[in-house]
Amino acid sequence: MNKKVNILRTRPLVATSLSILLFSICSYHYLTRVGINLKILIVLSALTVLISLTNEAKSFFISIAKEPRKYFLIICILVSAIGGLIINVANIIEISFFIILFLSIYLIFIHKDNDLINLVTKLVICSGVFMSVGVLTALFESIFLSSKLFYEIAGGGYPAISGQKLFYKGFGFSHNYSAHIIVIALSFLSLSQSTLSRKLRNYLTSLFTFALLITGSRIVFLFFSLIACNYFIKTRTNKYLMSAILISLYLFLSHIQIGVHGNYELGSVHYREVLFSIGNVDFVLGYYGHMKLAYFAELKENFFFPVSLSEISQSLKMDPHSLVFTLIILGGVPLALSVVMFLILGISKNLLFIEHKYSNFFYCGLISIITETFMWDASNSI
């Protein structure tokens, strides 16, 4: 508790602006549904966070000037993002938000201010509680009320589902959006062992797990499958092999649907085109696979020249649902390649340390979120 009071007293601006930013992002889509637009509040709070980190930023840029090779990838990311903004100013909101969030998060963690990191950890956990309450509210609303503010009903056509399907999205843009935040919160919960009581952590773990199961999001299957794999398999080689198989199957089945010939509607949203068949079983290009091919065809002539995210989304009538494609749209291949290399190098250097020093929840949550970047819509999942 003293640490919490400490950060609020010593750095009230960064603590307040971070809190407002995080909960504005969590509630943005719900408030938009009821006619309240938080865009200005999100922009102002994000700018305030960056401004409040002036000392960290000053120290960081001095370090860049002294050792540019050490920060080569960071320089590439910032230059590519700014270059993308200059070439196509239509993406000013997305690129500005990306730069502010990237710099803010990097500055907070690179300077290892424990009070500030503890604040971020607690805020992430609180955001998970907030989103979990939204999901539980959606379940209550679907059972007892006639409104549809917290959930939505989708028609047929979904794989392995006949009739209508209920999506419990809570405060999020979708059930996947809410699940992403709850998975991150559950992962961060393991980092707060010294500041939260064991009893409270058990209650929160139960809340997050229950909310995730209610969402029925695809990431829930991957997350808990990886946890089971890492818990029950002790041999490192077998554990890595099984994890790789789970991730590969997850990505494959997210893009390719498997159906018995004649038992699905070819040409529908989730069954686009038969790729090949084995006996009476068809392997069909699904929605996410079709989306990737459509965006690749659209971008292949402009990989190095940013285009308008809103225009290309409207043209194809679907969002990118891929972090890499979104980055290519915003800053071309240089931005996408720089960010991917930054993530690969950062994770590869620290993966063994994270695996041995942190809980399975944090380790598997990290892997799940990184895997999910192949499918999520980055602009809606910021």
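The values are calculated or read from the model by the stated rules, or taken from the named source; none is laboratory data. Quick caveat: nothing in here was measured; it's all calculated off a predicted structure. All Cβ positions, even for glycine, are placed from backbone atoms using ideal geometry, and neighbour counts span all protein chains on display.
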- Counting only residues that are modelled with pLDDT of 90 or more, of a type in the set (Val, Ile, Thr) and surrounded by fewer than 24 Cβ atoms within 10 Å (Cβ to Cβ), region 183-199 contains a total of 1
- Message: Give me the residue from region 106-125 that is of a type outside the set (A, V, I, L, M) and closer than 14 Å to Ala15 by Cα and, out of that set, surrounded by the fewest Cβ atoms within 10 Å (Cβ to Cβ).
- Response: Asn114
- Message: Looking for something closer than 27 Å to Phe72 by Cβ, buried (at least 18 other Cβ atoms within 10 Å of the Cβ) and among the hydroxyl-bearing types (Ser, Thr, Tyr) - is there at least one such residue anywhere in region 341-352?
- Response: no
- Message: So, His180, is that one surrounded by 17 or more Cβ atoms within 10 Å (Cβ to Cβ) and modelled with pLDDT under 90 or not?
- Response: no
- Any pair with Cβ under 6 angstrom, 6 or more apart, that starts in region 111-125 at a residue that is under 12 Å from Leu191 (Cα atoms) and at pLDDT below 90 and ends at one that is of a type in the set (Asp, Glu) and exposed (fewer than 15 other Cβ atoms within 10 Å of the Cβ): none
- Just to be sure, is Ala378 in a loop (DSSP other than H, G, I, E, B) and either at pLDDT 85 or above or within 17 Å of the chain's Cα centre (by Cα) (or both)? yes
- Message: If I filter region 139-153 for residues that are within 26 Å of Leu366 (Cβ to Cβ), modelled with pLDDT of 90 or more and not in a strand (DSSP E or B), do I get at least one hit?
- Response: no
- region 222-248, residues that are loosely packed, with under 15 Cβ neighbours inside 10 Å and among the aromatic types (Phe, Trp, Tyr): Tyr231, Phe232, Tyr240
- Message: Which pairs turn up if I take residues in region 90-109 that are under 12 Å from Pro306 (Cβ atoms) and look for partners that are modelled with pLDDT of 85 or more and not aliphatic (A, V, I, L, M) with beta carbon separation below 6 Å, at least 6 apart in sequence or on another chain?
- Response: Ile95/Gly84
- Might you let me know whether region 331-351 holds any residue that is charged (D, E, K, R) and either closer than 21 Å to Ala90 by Cβ or over 25 Å from the mean Cα position of the chain (by Cα) (or both)? no
- Can you work out which of the residues in region 95-105 that are under 23 Å from Asn302 (Cα atoms) and crowded, with 20+ Cβ neighbours inside 10 Å is nearest to the chain's Cα centre (by Cα)? Phe98
- Being within 15 Å of Leu253 (Cβ to Cβ) and of a type outside the set (Gly, Ala, Ser) narrows it down to one of Leu285, Leu323, so name that one. Leu285
- Message: Every residue in region 268-325 that is within 22 Å of Ile369 (Cα to Cα) and either in contact (Cβ under 8 Å) with a residue 60 or more places away in the chain or of a type in the set (A, V, I, L, M) (or both), please.
- Response: Gly286, Tyr288, Met291, Met318, Asp319, Leu323, Val324
- Task: Just need a number here: residues in region 202-221 that are in contact with a Ser or Thr (Cβ under 8 Å, 6 or more places away or on another chain) and buried (at least 16 other Cβ atoms within 10 Å of the Cβ).
- Result: 7
- Task: Sort through Leu266, Leu275, Leu251 and tell me the only one that's surrounded by fewer than 18 Cβ atoms within 10 Å (Cβ to Cβ), hydrophobic (A, V, I, L, M, F, W, C) and part of a loop (DSSP other than H, G, I, E, B).
- Result: Leu266
